[in-house]
């Protein structure tokens with residue numbers, strides 16, 4: 001699994017910039033701007049910004065599903081429908097410049113030891129390292145969705 005660092009962030013932005021705004025996903029209904037907004041939302045969330053979602057996990061998600069997802073053994077399922085209480089608003093859109101700036105801020109907070117993440121809504125308290133792995137798994141899922 002790739003490491004979530006500045007090189008990875010730059011690679012993600014390069015790959016996202018290859019997607020045209022009207023590109024159709026290989027599955028699902030997200031548009032590229034909505035997908036980028038969705039990724040930005042979760043990066044902000046992992047930084048402890050915005051309202052924290054109520055915990056919707058259980059013993060299985062924290063002890064089994066979470067760990068095997070964060071190691072990359074279990075991919076994020078296509079067309080995964082989340083409970084409404086942990087769903088990103090449909091109106092969330094962003095561009096790659098905004099996402100890149102957000103990723104740089106995230107990485108600076110990690111490097112300075114100042115990042116205090118929220119718990120993951122299903123996997124629980126995964127900490128900074130768990131969120132880094134989650135971002136790689138999540139980003140790769142959506143990059144594959146758009147063929148980059």
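The values are calculated or read from the model by the stated rules, or taken from the named source; none is laboratory data. From a predicted model like this one, the values you see are computed outputs, not experimental measurements. A quick note on method: Cβ atoms are made from the backbone with ideal geometry, for glycine too, and the neighbour counts reach across all protein chains shown.
Screening residue 42 with (1) over 14 Å from the mean Cα position of the chain (by Cα); (2) surrounded by 12 or more Cβ atoms within 10 Å (Cβ to Cβ) gives one miss only, at (1). Scanning region 1-14 for residues being under 23 Å from residue 74 (Cα atoms) and in contact with a helix residue (DSSP H, G or I) (Cβ under 9 Å, 6 or more places away or on another chain) gives a total of 8. Close contacts from region 47-70, counting a first residue that is at negative phi and surrounded by 12 or more Cβ atoms within 10 Å (Cβ to Cβ) and a second that is at pLDDT below 95 and in a helix (DSSP H, G or I), with Cβ to Cβ under 9 Å and a gap of 6+ residues or different chains, come to 53/85; 53/86; 56/85; 56/86. Here region 54-73 is the region considered, the condition is being outside any helix (DSSP H, G or I) and in contact with a helix residue (DSSP H, G or I) (Cβ under 7 Å, 6 or more places away or on another chain), and the residue that is farthest from residue 121 (Cα to Cα) is 72.
If you go through region 23-45 and pick out every residue that is modelled with pLDDT under 95, on the phi < 0 side of the Ramachandran plot, part of a loop (DSSP other than H, G, I, E, B) and touching a helix residue (DSSP H, G or I) at 6+ places or on another chain (Cβ under 8 Å), you end up with 1. Flag not set for residue 66, criterion: out of contact with any strand residue (DSSP E or B) (no Cβ under 9 Å at 6 or more places or on another chain) and at pLDDT 90 or above. No other residue among 103, 115, 80 is within 14 Å of the chain's Cα centre (by Cα), at pLDDT 95 or above and either surrounded by 15 or more Cβ atoms within 10 Å (Cβ to Cβ) or more than 17 Å from residue 130 (Cα to Cα) (or both) apart from 103.
Of all residues being assigned to a loop (DSSP other than H, G, I, E, B) and under 17 Å from the mean Cα position of the chain (by Cα) in region 1-22, which is farthest from residue 71 (Cα to Cα)? Just the residue, please.
5
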